[in-house]
Amino acid sequence: MALRTIPVTLEHARVVERAAPAAWFINFTNPAGLITQALTGHTTLRVIGICDTPIELFHKIAEAIGEDTAEMTFDYAA
């Protein structure tokens, strides 16, 4: 996934870099870590990478124990 996503994401990032060099570039693509690393290594943008895996994991845990996620409290730290 990274091999096909990095070149496209870098193209988008370079457009942002030219048009708004002080902008934050928010990466929500997978694999989030590799894409974010490529962006920080090959652009001058400020980059934030977001991964939705913890949210999916919380839903799977609730499903596995037969509970509603709205009734549960989760915490995650990376």
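One table, with the values for the structure above:
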quantity: For the chain, calculated [θ]222 nm from helices alone, where every DSSP H run of n ≥ 4 adds -39500 (n - 2.57); calculated: -17500 deg cm²/dmol
quantity: Selection from His12, Phe25, Leu57 lying farthest towards where the dipole of the chain points positive, charges on Cβ; calculated: His12
quantity: Solvent exposure of the chain as accessible area per residue, Å², 1.4 Å probe; calculated: 73
quantity: Carbon/sulfur fraction of accessible area - the chain, other protein chains in place, 1.4 Å, %; calculated: 60
quantity: Gaussian network model of the chain, springs between alpha carbon atoms under 10 Å - residue of Leu45, Leu57, Leu34 with greatest fluctuation; calculated: Leu57
quantity: Full-extension gain in nm, Ala62 to Val8, via 0.36 nm per residue minus C-alpha separation; calculated: 15.9 nm
quantity: Fraction of the pair-distance distribution of the chain above 21 Å, Cα-Cα pairs, percent; calculated: 42
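The values are calculated or read from the model by the stated rules, or taken from the named source; none is laboratory data. If you're wondering where the values come from, they're calculated on a predicted model, not measured in any experiment. Using ideal geometry, Cβ is built from the backbone for each residue, glycine included, and neighbour counts are taken over all protein chains shown. Ligands, DNA and RNA are stripped out before the accessible areas are found, and what is left, the full protein with its side chains, is counted by its heavy atoms. Shrake-Rupley method; radii C 1.70, N 1.55, O 1.52, S 1.80 Å.
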